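Chemist: My structure is below; once you've seen it, I'll send some questions.
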Amino acid sequence: MANINLLPWRDDRRQDKQKEFIIVAAGVLILGFLSILIWDVWVQSRIESQESRNKLLIREISVLDEKVKEINELKLRKQQMIERMEVILALQGNRAAIVKAFDQFVRATPRGVYFVEMVRKADNISLVGYAESNSRISVLMRQLDTTKIFSDPNLTKVEADDAIGEQGSKFELQVKVVPIVENKEA
């Protein structure tokens with residue numbers, strides 16, 4: 001049999017395989033690097049896209065916050081306006097009640113009784129006046145009690161004072177005002 005030396009052929013083949021391995025490894029490495037680069041570019045574009053959306057949302061939220069603030073200010077102004085209207089309506093409604101109260105005072109006051117001071121606090125009226133006699137103060141209190149507008153007359157002070165006669169008296173009287181309920185059907 002002939003003696004054939006296969007070592008150089010094996011070495012050549014091994015070197016070819018090693019070159020092939022290096023080429024494949026370099027190709028895989030380049031392919032991996034390119035895929036990582038493509039992945040990074042794609043992720044960065046997604047991040048930039050999301051950041052632009054976030055900026056848009058932040059701008060729109062700030063615009064809406066301004067609108068909400070304006071709406072709240074308008075609601076506050078509306079509430080203040082409603083309160084003013086209610087006060088005006090109450091004053092207009094009380095206009096007739098005040099006239100009726102004074103009219104009842106005139107009708108309930110007997111001759112010989114004079115008022116010098118009248119103070120109203122909430123539903124109470126404090127009266128200071130003079131009467132020709134104590135009996136006239138009693139008549140005043142009875143007549144105030146019979147009216148629909150006044151109730152619970154309370155004499156707080158009586159002292160003799162001859163400013164309007166020998167039997168004259170200075171008195172202080174408290175009376176409560178009954179709210180007038182008007183019939184709107186009439």
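Just so you know, all these numbers are worked out from the coordinates, no wet-lab data involved. Quantities reported herein were computed from a predicted structural model and do not represent experimental measurements. Every residue, glycine as well, gets a Cβ built from its backbone with ideal geometry; the counts of neighbours run over all protein chains shown.
Chemist: From the list [x] 20.8; [y] 17.9; [z] 26.5, can you say which value of Kirkwood radius over Cα pairs in Å was derived from the structure given?
Modeler: Only one option fits the structure, namely [z].
Chemist: Using just the helices of the chain, give the 222 nm mean residue ellipticity in deg cm²/dmol: DSSP H runs with n ≥ 4 each add -39,500 (n - 2.57), and the total is spread over all residues, rounded to 500.
Modeler: -23500 deg cm²/dmol
Chemist: Ok, one more. Step through the table entries 121/170; 75/176; 121/148; 100/157; 121/157; 100/170, compare each Cα-Cα distance with 30 Å, and write down the pairs that go over it.
Modeler: In this structure, 75/176 exceed 30 Å between Cα atoms.
Chemist: With a sphere of radius 15 Å drawn around the Cβ of residue 122, what net charge do the other residues whose Cβ falls strictly inside it have (Lys, Arg +1; Asp, Glu -1)?
Modeler: Within the 15 Å Cβ shell, the charges total +1.
Chemist: Rounding to the nearest 10 and keeping the result within 0 to 90°, find how far the Cα-based axis of helix 7-108 lies from the longest principal axis of the chain.
Modeler: On a 0 to 90 degree scale, this one is about 10.
Chemist: Take every Cα pair under 8 Å in the chain that's 6+ residues apart, average their separations, divide by the length, and report that relative contact order as a whole percent.
Modeler: Here the relative contact order equals 14 percent.
Chemist: What relative contact order, as a whole-number percentage, does region 109-177 give when Cα pairs under 8 Å and 6 or more residues apart are counted?
Modeler: Taking the mean separation of contacting Cα pairs over the length of region 109-177, I get 35 percent.
Chemist: Right, here's the next one. Does anyone have the angle between helix 134-146 and the longest principal axis of the chain? Alpha-carbon axes, 0 to 90°, nearest 10?
Modeler: 40 degrees
Chemist: Within the set of other residues whose C-beta is less than 12 Å from the C-beta of residue 140, count the net charge using Lys and Arg as +1 and Asp and Glu as -1.
Modeler: Summing Lys/Arg as +1 and Asp/Glu as -1 gives +2.
Chemist: What does the extension gain come out to for residue 107 and residue 157, with contour length at 0.36 nm per residue minus their alpha carbon separation?
Modeler: Extending this stretch completely gives an extra 15.7 nm.
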